[in-house]
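Below you'll find the structure, written out as structure tokens, and then a few comments.
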């Protein structure tokens, strides 16, 4: 085959473009013969590609939700509290981690765990400097709101891990 012609390739091998993208995305995976299920691509009814897409969606949704809450009402203290700028560091950890991982599932799982750790660190710093003494923020509110985001980051890491291990 001199030229990569997608229709001919599909006719000869029985593969679709998605199958080729999966092989490029997961270079260690063994391609399956037509009609055969690839090994380790189904985990409790979830394919590797589906797990990766859900993980990306969950991490982007978590980041957008964090930005939306900070912009609307502020996460700690009142709206516009300068302390909320620390959450930019949380997002930076996630973005830099994703770039270092080159968006590969195993590295993305580690990046999301690091992002969850950064979120926890911001919560601890807020409690150490006394943000719970502001009339609009209590210890319970600070811990629960940040804990909610930590759970979302860890959930995204779990999905990336599922995509990495198959």
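The values are calculated or read from the model by the stated rules, or taken from the named source; none is laboratory data. The shown structure was predicted, so the numbers you read here are calculated from the model rather than taken from an experiment. Using ideal geometry, Cβ is built from the backbone for each residue, glycine included, and neighbour counts are taken over all protein chains shown.
The residue that is surrounded by the fewest Cβ atoms within 10 Å (Cβ to Cβ), counting only those in the range 70-93 that are under 29 Å from residue 161 (Cα atoms) and in contact (Cβ under 8 Å) with a residue 24 or more places away in the chain, is 89. Residue pairs whose Cβ atoms lie under 8 Å apart, sitting 6 or more positions apart in sequence or on different chains, and linking a residue in the range 123-138 that is surrounded by fewer than 15 Cβ atoms within 10 Å (Cβ to Cβ) to a partner that is modelled with pLDDT under 95 and part of a loop (DSSP other than H, G, I, E, B), are 136/77; 136/78. With respect to the conditions (1) touching a helix residue (DSSP H, G or I) at 6+ places or on another chain (Cβ under 6 Å); (2) modelled with pLDDT of 50 or more, residue 61 falls short on a single one, namely (1).
Across the range 139-155, the number of residues qualifying as exposed (fewer than 13 other Cβ atoms within 10 Å of the Cβ) and in contact (Cβ under 8 Å) with a residue 40 or more places away in the chain comes to 0. Taken together, 165, 120 contain a single residue that is over 12 Å from the mean Cα position of the chain (by Cα), under 16 Å from residue 53 (Cα atoms) and surrounded by fewer than 18 Cβ atoms within 10 Å (Cβ to Cβ), which is 165.
For every residue, the table says whether it meets (1) in a loop (DSSP other than H, G, I, E, B); (2) under 17 Å from residue 152 (Cα atoms).
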residue: 92; (1), (2): no, yes
residue: 103; (1), (2): yes, no
residue: 117; (1), (2): no, yes
residue: 132; (1), (2): no, no
residue: 136; (1), (2): yes, no
